[in-house]
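The values are calculated or read from the model by the stated rules, or taken from the named source; none is laboratory data. The model shown is predicted, which means the values in this text are computed figures rather than measured ones. No Cβ is skipped: glycine too gets one built from the backbone with ideal geometry, and neighbour counts run over all protein chains shown. These area figures cover heavy atoms from the full protein model, side chains too; ligands, DNA and RNA do not enter into them. Shrake-Rupley method; radii C 1.70, N 1.55, O 1.52, S 1.80 Å.
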Amino acid sequence: MDPTEQIGAAMTSWTDAQKRLLEGWMSMLNKAGELSAATPESGDWLSKGTEAIGRSTSEAGRELVDKLLSSQNAITHATDFFLKAWKVVAPSLEAGTDWRTDFQTFANQWSEQTRAALERSSAMVTDLTELTRSLGKDWPSAILPWLGFMEKSSLTGHLGEAVLGGSANLTRLLAMEAELFPFLSGLAEMPRAGLTREKNAKLLRLMDAVVDIRRTNLKFQVAMAQGMTRAVEATIDRLAELKSKGEKITSVRDLMKLWFTTADGTLSHVFNSPEFLAIQDAMTTANNAYRIRQRAVLEDVYQTLDIPTRSEIDDAYKIIHDLKRELRALKKALHARGTELATQPVKSIARSTGGRGQSKKG
Amino acid sequence: MSFPIQIQPSDVAHEINEINRKLTQGIENLNRLKDADVDIGSTPKDVLYEVDRLKLYHYKPLAEPNKIMKTPLLIVMPLINGYEVADLQPDRSLVRNLLHEGVDVHLLNWGYPKPADKYLTVDDYIEGYLDDCVDVVLDHHGVEKLTMFGICQGGTLSTTYCCLHPDKIANLVLTVSPIDFHAYQWTKEQPHVGLMFNLASGADIDTMVEAVGNIPADQLNISFLMAAPFNLAIGKYTDLIDSLDDKNALLNFLRMEKWLFGGPAAAGEAYRQFVKEFMHGNKLVKGELVLGGRKVDMKNLTMPILSIYAERDHLVPPACTIGMKKYLDNKDYTELCIKTGHIGIYTGGASQKILAPAVGKWLRERGA
């Protein structure tokens, strides 16, 4: 059989069998969860089914069911991708000609498609309308009206003007329409020149953080995609070695094992390269910076609503921590001097009280 | 035919039907399991002391009373792992094996930090909690010294403590514990070895701690999975399909999973301090570490030391464990290599017959 035809047949079989497998699971899951309407095409069937079938088992069991089904799902995708690449290079490999050119063409196309998809899904937003819509997913409803006004104000002027306190629309936000949104009335009474500018600067910094997240995330995804391309290439190399030795792969699971092991070896190199680490660190830091800046903006809103903020709670935690430390040092000093606590050894306090909730040194 | 992939359509159908059958049966087995079946850390014990999140356990003896050693032993866990790795299940339990050796075992379970614990420092853990526990154990047994047994990062903390309080320590046992963090340089030839150190090398810890407070266990787990993402995140679950119908094998797997993914978060300040001062700065071996206003001097490690490392340890390269010896002025320093991995040293089948017996023998030779 022609190699291409053979791979094509294997892929068809795999797809058919996969369909039967899914139908088998589906039947079992439907039975377990009475999900008669669910089909593999309905997005949440897997999670619903997992939840249903795991209802009576242990927590560890439920998590395992989830991972088992997810791993099969991941295998299906990985197999599909790998076999596509293999189908492209198989004729050259079989003919003993250079397969890397074919692979490079495939890899470039895939890389380009991946990059385009990523760019579409995480477009570099400078437009406030899209940005506010995006932010709205994560933010509590309290801040959305503010962002809505920001969006409106930006339509009539420069974005920077809108957020820096210079536009009429922002003035409406902070004063004239306070009745519509009573929680904003406090904002309207604030001294404009100082606090308003400060708050808006926080919002600007947050927007910068969002752009940073998207930029660094895109870079990370592209680096991952490049790593995966290298992993596929290494696996095809490994298959070429098998061919030269006359060895063969006869099952999908063996093929998967070869793919996983070779891919892990390649990705270990990728993940440890200085370039990848720098990209990963930048993405992690961008995500963390976003959380910090998001908190700063939200805390302004919470303060207006008289809700305790994370910073205030952290201050309380710090005070308690410092007091406990101080108490421990005091007890230690008293103990060392042989004063009151030394006559009633604190070492014994834990035992004499059953050891619960007592600390010798605080 | 020389074509390397010889997967026939009929074989694929058969293979996938077989997977389907095993998976269906396995899931039915899973459905019969209850939480109580997946028990870890089950060796009988008393809580000797409890404060904040911390619990100090004292295990019930398993040896004849006349064979129990007089010097109590305190196991110090890492801050980022659950204590159950030392007592995963009856036939894979360091704690149980030590008890059979006649060791009087205590274990410090640091517990699960909550947001209010984010300001805890390494100083608090060592000079506060650990020192408290040492005093409680000494007082409980009416002795002057104990044996300290460190597990991974717990060994780093133990070593630091022993530098500050050598008068309370009879023996120090370290297992796969990083001491000299710069003893191993990452190489392209072995990219998975020391991967965690490499991943942390350029991380902006200050921003991370400010953003999240305590470092979530999931974030730490991802670092472990990065060593072999396909095999650890997908492959091992695929392989499990073959043993889903074996209840014992399934329970073994589930117990390990429960421990792996049930670990505690790391208290933010302690994590920041550990990464910056121990990992990045390597201050412990450089003699630059200061805790509670006191310099941590490794020359104070005059007690007998047993350092045990795993030959195939990719998380803590052996060089980082045994690298400590060049900073010591100690004639009673012993090394032991076990042919296993970082976790396998506690939970692996072969290690059950090596680790605890070796520790027991070494302790008896030193009059414990």
Percent of Cα-Cα pairs per 5 Å bin, from 0 to the last occupied bin, for the stretch B:86-216, please list those. 2, 8, 14, 17, 18, 17, 13, 8, 3, 1, 0
Please list, by residue number, everything in the stretch B:230-249 whose backbone N is under 15 Å from a paramagnetic label point 7 Å out along Cα→Cβ of B:ASP37. B:243-249
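Report for the stretch B:68-189 the percent antiparallel among DSSP-assigned beta bridges with both residues inside it, nearest 5. Could you put the intermediate results ahead of the total?
Working: 1 of 15 bridges.
Of the beta bridges lying entirely in the stretch B:68-189, close to 5 percent run antiparallel.
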Of B:VAL47, B:VAL12, B:VAL209, the one that fluctuates the most in a GNM where chain B has Cα springs shorter than 10 Å: B:VAL12
Residue (of B:ASN81, B:MET148, B:LEU94) at the positive-pole extreme of the stretch B:56-162, dipole from beta-carbon charges: B:LEU94
Let me know the Kirkwood hydrodynamic radius for the stretch B:241-368, please, with Cα pairs as the basis and the value in Å to one decimal. 17.8
P(r) of the stretch B:214-302 over all Cα-Cα pairs, binned every 5 Å from zero, in whole percent: 3, 11, 14, 15, 12, 11, 10, 9, 7, 5, 3, 0
Compactness of the stretch B:245-290, expressed as Rg and Dmax over alpha-carbon positions, Å: 18.3, 55
In peptide B:50-59, how many Cβ atoms from other protein chains are near each Cβ within 10 Å, on average? 3
Per-residue ³J(HN,Hα) for the stretch B:214-220, Karplus 6.51 cos²θ - 1.76 cosθ + 1.60, θ = phi - 60°, Hz, x for Gly and Pro: 6, 7, x, 4, 4, 5, 5
Here the percent of antiparallel bridges among DSSP beta bridges lying wholly in chain B, to the nearest 5, is 35
Along Cα→Cβ, 7 Å out, is where each label goes; now give me the distance between the ones at A:THR250 and B:LYS361 in nm to one decimal. 4.6
For the interface of B with A, what's the total buried accessible surface in square angstrom, probe 1.4 angstrom, rounded to the nearest hundred? 7800
Give the Cα extents of the stretch A:232-323 along the principal axes, in whole Å, largest first. 74, 30, 28
Using a 10 Å cut-off on Cβ to Cβ distances, tally the other chain neighbours for every residue of B:221-232 and report the average as a whole number. 4
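Take the Cα radius of gyration of the stretch B:1-118 and divide it by 2.2 N^0.38 Å, with N its residue count; two decimals is plenty.
So the stretch B:1-118 has a normalised radius of gyration of 1.72.
Restricting things to alpha carbons, find the Rg to Rh ratio for the stretch B:226-272 using the Kirkwood radius for Rh.
Working: Rg = 14.5 Å, Rh = 12.7 Å.
Rg divided by Rh gives 1.15.
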Bins of 10 Å from zero: percent of alpha-carbon pairs in the stretch B:270-312: 24, 41, 33, 2
Could you tell me what percent of the accessible area of the stretch B:214-368 is made up of carbon and sulfur, with a 1.4 Å probe and every protein chain present? 53
Give the relative contact order (percent, whole number) for chain B; include only Cα pairs under 8 Å separated by 6+ residues. 22
Answer with one residue from B:VAL212, B:GLY281, B:ASN330: the one whose Cα lies farthest towards the positive end of the charge dipole of the stretch B:196-334, charges on Cβ with Lys, Arg +1 and Asp, Glu -1. B:ASN330
For B:VAL173, residues with placed amide H under 5 Å, excluding near neighbours: B:MET148, B:PHE149, B:GLY150, B:LEU306
Sorted largest first, the C-alpha extents of the stretch B:135-281 along its principal axes in whole angstrom are 53, 41, 34
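How about the stretch B:282-357: which trypsin sites (Lys or Arg not before Pro) there are in a DSSP loop, with at most 11 other Cβ atoms within 10 Å of their Cβ? Could you put the intermediate results ahead of the total?
Details: sites: B:LYS283, B:LYS286, B:ARG294, B:LYS295, B:LYS299, B:ARG312, B:LYS325, B:LYS326, B:LYS331, B:LYS339, B:LYS353; in loops: B:ARG312, B:LYS331, B:LYS339.
Sites meeting the loop and neighbour criteria: B:LYS331.
Taking every DSSP beta bridge that has both residues in the stretch B:1-153, what percent is antiparallel when rounded to the nearest 5? It would help to have the intermediate numbers written out before the result.
Working: 11 of 19 bridges.
DSSP beta bridges in the stretch B:1-153 are roughly 60 percent antiparallel.
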Put a dot 7 Å past each Cα toward the Cβ at B:LYS70 and B:THR24; how far apart are the dots in nm? 6.7
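How many times 2.2 N^0.38 Å is the alpha carbon radius of gyration of the stretch A:193-281?
Cα-based Rg divided by the globular estimate yields 1.81.
Taking Rh as the Kirkwood radius, which is the inverse of the mean 1/r over Cα pairs, what is the Rg/Rh value for the stretch B:194-266? Let's see the in-between values first.
Numbers: Rg = 15.5 Å, Rh = 14.3 Å.
Ratio value, two decimals: 1.09.
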FRET efficiency for A:GLU241 and A:THR105, Cβ-Cβ distance as r, R0 = 25 Å, nearest 0.05? 0.65
Here the tail fraction of P(r) beyond 28 Å, over all Cα-Cα pairs of chain B, rounds in percent to 47
If the chain between A:ASP315 and A:ARG215 were fully stretched, how many nm would it gain, using 0.36 nm times the residue separation less the Cα-Cα distance? 32.7 nm
When you take every Cα atom in the stretch B:1-58, what is the radius of gyration, and what is Dmax, the widest Cα pair distance, in Å? 24.0, 70
